[in-house]
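Reading through the structure tokens given below for one structure.
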Amino acid sequence: MKTEIISTEAGDARITWHPARKPRLVLAVSHGAGGGIEARDLQALARALPGHGVSVALVEQPWRVAGKKVAPAPKTLDAGWRGVWPSLVEPRLPVISGGRSAGARVACRTAVELGAAAVLALSFPLHPPGRPEKSRAAELLGSGVPTLVVQGGNDPFGKPEEFPDGSFELTEVPYGDHGFVVPKRAQITQEEAVTVITDAVVKWVGSLG
């Protein structure tokens with residue numbers, strides 16, 4: 001594991017690398033607006049993917065590195081992501097642009113511009129809770145590259161059945177909320193829910209050119 005600080009227009013960002021021994025791809029993923037790279041799905045991917053030839057780069061946006069509690073406007077998040085991209089492509093491997101929640105939106109918005117090989121959208125916030133009319137589907141549909149959405153079955157920001165038809169793939173994490181937490185009464189354990197995520201991503205990554 002290696003950590004580096006990257007200077008961006010939005011301030012200093014941080015990349016924590018989990019390298020594969022013989023990498024063929026890089027998966028770069030950032031966090032959401034309410035948490036950091038300690039999120040259970042990001043940590044699980046960092047553990048699982050290097051064994052499948054994928055180096056994982058966990059990216060902390062400048063506002064998190066600076067210790068702020070509230071995420072900035074989308075254009076500032078995009079600026080932070082653009083700023084770290086040269087370091088992500090430095091290994092000269094195809095880069096999958098990814099993130100959870102707000103980070104997934106950033107990945108979708110910037111994928112074509114940055115030349116991402118694909119997009120991984122974890123807990124894509126299709127709309128604010130209780131506000132389905134405020135859809136962000138256009139961002140997802142406009143990613144322009146192969147895209148996998150991994151969504152909790154009970155995500156208040158958009159349940160799987162609410163997603164429009166499109167060229168993206170979608171994997172449901174049964175019973176999962178926006179953080180992929182499953183209730184104790186669920187028919188799967190928390191560990192099994194996390195395995196659904198990692199298995200889906202490993203399979204999808206294996207299908208990419």
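The values are calculated or read from the model by the stated rules, or taken from the named source; none is laboratory data. The model shown is predicted, which means the values in this text are computed figures rather than measured ones. Neighbour counts run over all protein chains shown; Cβ positions are idealised from the backbone, glycine included. Calculation scope for accessible area: heavy atoms of the full protein, side chains included, ligands and nucleic acids excluded. Shrake-Rupley method; radii C 1.70, N 1.55, O 1.52, S 1.80 Å.
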Restricting to segment 33-52, what's the tally of residues that are assigned to a loop (DSSP other than H, G, I, E, B), over 19 Å from Val119 (Cβ atoms) and touching a residue at least 12 places away in the same chain (Cβ under 8 Å)? 3
Taking the condition of being in contact with a strand residue (DSSP E or B) (Cβ under 9 Å, 6 or more places away or on another chain) and either among the polar types (S, T, N, Q) or assigned to a loop (DSSP other than H, G, I, E, B) (or both), how many residues in segment 135-145 meet it? 3
Filter segment 152-169 for residues that are outside any loop (DSSP other than H, G, I, E, B) and closer than 17 Å to Ala193 by Cα; which is nearest to the chain's Cα centre (by Cα)? Gly152
Can you go through Val84, Val119 and tell me which one is in contact with a helix residue (DSSP H, G or I) (Cβ under 9 Å, 6 or more places away or on another chain) and crowded, with 19+ Cβ neighbours inside 10 Å? Val119
Against the condition under 19 Å from the mean Cα position of the chain (by Cα), under 19 Å from Arg40 (Cα atoms) and open to solvent by 80 Å² or more (accessible area, probe 1.4 Å), how does Glu172 come out, does it pass? yes
Being open to solvent by less than 40 Å² (accessible area, probe 1.4 Å), under 12 Å from the mean Cα position of the chain (by Cα) and not charged (D, E, K, R) is the filter here, so list the residues in segment 12-43 that pass it. Leu27, Ala28, Val29, Ser30, His31, Gly32, Gly36, Ile37, Ala39, Leu42
Please tell me if Ala118 is more than 18 Å from Ala200 (Cα to Cα), in contact (Cβ under 8 Å) with a residue 12 or more places away in the chain and touching a Pro at 6+ places or on another chain (Cβ under 7 Å). no
Take the conditions over 18 Å from the mean Cα position of the chain (by Cα) and surrounded by fewer than 19 Cβ atoms within 10 Å (Cβ to Cβ) and apply them to Glu9. Does it pass? yes
Hey, can you tell me all the residues within segment 101-116 that are touching a helix residue (DSSP H, G or I) at 6+ places or on another chain (Cβ under 9 Å) and either under 17 Å from Pro62 (Cβ atoms) or surrounded by fewer than 24 Cβ atoms within 10 Å (Cβ to Cβ) (or both)? Ala102, Gly103, Arg105, Val106, Ala107, Arg109, Thr110, Glu113, Leu114, Gly115
Out of the residues in segment 185-201 that are open to solvent by 40 Å² or more (accessible area, probe 1.4 Å) and assigned to a helix (DSSP H, G or I), which is nearest to Leu27 (Cα to Cα)? Asp199
Selected residue (only one of Ala57, Ala79, Ala71 is more than 20 Å from Gln151 (Cβ to Cβ), open to solvent by 10 Å² or more (accessible area, probe 1.4 Å) and not in a helix (DSSP H, G or I)): Ala71
I'd like to check something: does segment 135-151 contain any residue that is more than 18 Å from the chain's Cα centre (by Cα), open to solvent by 20 Å² or more (accessible area, probe 1.4 Å) and without any contact (Cβ under 8 Å) to a residue 60 or more places away in the chain? yes
Quick one: would you say Phe163 is among the aromatic types (Phe, Trp, Tyr), out of contact with any Gly (no Cβ under 6 Å at 6 or more places or on another chain) and open to solvent by less than 50 Å² (accessible area, probe 1.4 Å)? yes
Against the definition (at pLDDT 95 or above and not in a helix (DSSP H, G or I)), how does Leu148 come out, yes or no? yes
